[in-house]
Amino acid sequence: AVVSTQSTGDTRLLLKISRLLLCLGVYEKNLISISKLIFKLTRCENNDAIFLEEKIVHSLLNVINQQKIEDNGLAFVYCIGSLKVLSANTDNNIGEILVQYGVLQVLERHLTTCNASTEMNGEVKSNLLIQILGAFRNLCDIPTTEKLLTDTSVCEELQYTMTHHYNDSEVLLNSCRLLSRMSLFTEMCSVLSHNTDILNLLLKIIDNYTNDPQLLIRCAFVLGNITGQHSHAALHLHENGSIVESMLSLCKVYKGKLGEKTTKEKQSVTKDVLCKAVRVLTNVLQNEVIITTLFLTRNSIDIIH
């Protein structure tokens, strides 16, 4: 019914039929088809009001809460992807409505479930994590979100995600995009500053992903926010991760890129990496122990000159 009706272009009718079928219970390929259609319809911001009026969010949450993630991984990608797209619209209060519906708790639960699953297809699992992390990121600006995130296990689960998907640059990028948003808020930033595993991971990424400037920018941005407010985090990274050497090495690599003939866009990205790295150095060198290391590091001043 949904397939034959798609050509009408009647969004409300499509959503009514989709909600009815979801309520009746559909499985496997049919569930994937309906979830994919709903995801497609979310991509038009003009449909947001219809989604709320037709109570599609409730139907999506029912599917997410009632189905097993291992059996319906691809359908979950589209269902949670729909929530992510809806939450990205800042022109109305749909984000606040999603939080009121308990979407944050649903995301937390399925981040944990996804991390723990050993039966899911690897590609599907990565795509699902990207949707979950993106939805979290979009909802960070809702006033009630900060307390919910600081009082839950999201940081621990995020650290688990980054550790076990360290070779997946897309999962890492979306993890760091979420951390970037979280680090802008006082309480969240404080929680992150005490999570030494995440701090170590961020520095490890900077050391090993030197050819991924978008990932470097976000990692350095997070470290800049944390070290700018919490000196204990800077000291930890100095004593356990050689943060001065890492930032100097990054500066050296990207200072060299400034002389390369490339597009203005790439030059802008290169400068952004350097600015973020220098900001971290500026923060950590407020500590006397760390600044001593800088002056003992050969050619360090020349690198950041």
Across segment 133-148, the tally of residues that are assigned to a helix (DSSP H, G or I) and of a type outside the set (A, V, I, L, M, F, W, C) stands at 6
For segment 174-205, give me each residue that is part of a helix (DSSP H, G or I), open to solvent by less than 30 Å² (accessible area, probe 1.4 Å) and either among the hydroxyl-bearing types (Ser, Thr, Tyr) or more than 22 Å from SER87 (Cα to Cα) (or both). SER175, SER180, CYS189, LEU192, SER193, ILE198, LEU199, LEU201, LEU202, LEU203, ILE205
Just one of ILE217, ILE206, ILE198 is under 19 Å from VAL244 (Cβ atoms) and in contact with a helix residue (DSSP H, G or I) (Cβ under 9 Å, 6 or more places away or on another chain); which is it? ILE206
Residue identified as among the charged types (D, E, K, R), in a helix (DSSP H, G or I), surrounded by fewer than 16 Cβ atoms within 10 Å (Cβ to Cβ) and at pLDDT below 90 among GLU265, GLU239, GLU260: GLU239
Would you call GLN229 closer than 20 Å to CYS189 by Cβ, surrounded by fewer than 17 Cβ atoms within 10 Å (Cβ to Cβ), modelled with pLDDT of 90 or more and not aliphatic (A, V, I, L, M)? yes
Filter segment 106-134 down to residues that are touching a helix residue (DSSP H, G or I) at 6+ places or on another chain (Cβ under 8 Å), of a type in the set (S, T, N, Q) and farther than 9 Å from GLY73 by Cβ, then give me how many there are. 4
Based on this model, can you work out whether VAL171 counts as in a helix (DSSP H, G or I) and surrounded by 20 or more Cβ atoms within 10 Å (Cβ to Cβ)? yes
Residue check, GLU70 under 19 Å from THR112 (Cα atoms) and out of contact with any helix residue (DSSP H, G or I) (no Cβ under 6 Å at 6 or more places or on another chain): yes
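The values are calculated or read from the model by the stated rules, or taken from the named source; none is laboratory data. Remember, it's a predicted structure, so these values are computed and weren't measured experimentally. All Cβ positions, glycine included, derive from the backbone under ideal geometry; neighbour counts span all protein chains shown. Just the protein is used for accessible areas: all its heavy atoms, side chains included, with ligands, DNA and RNA removed. Shrake-Rupley method; radii C 1.70, N 1.55, O 1.52, S 1.80 Å.
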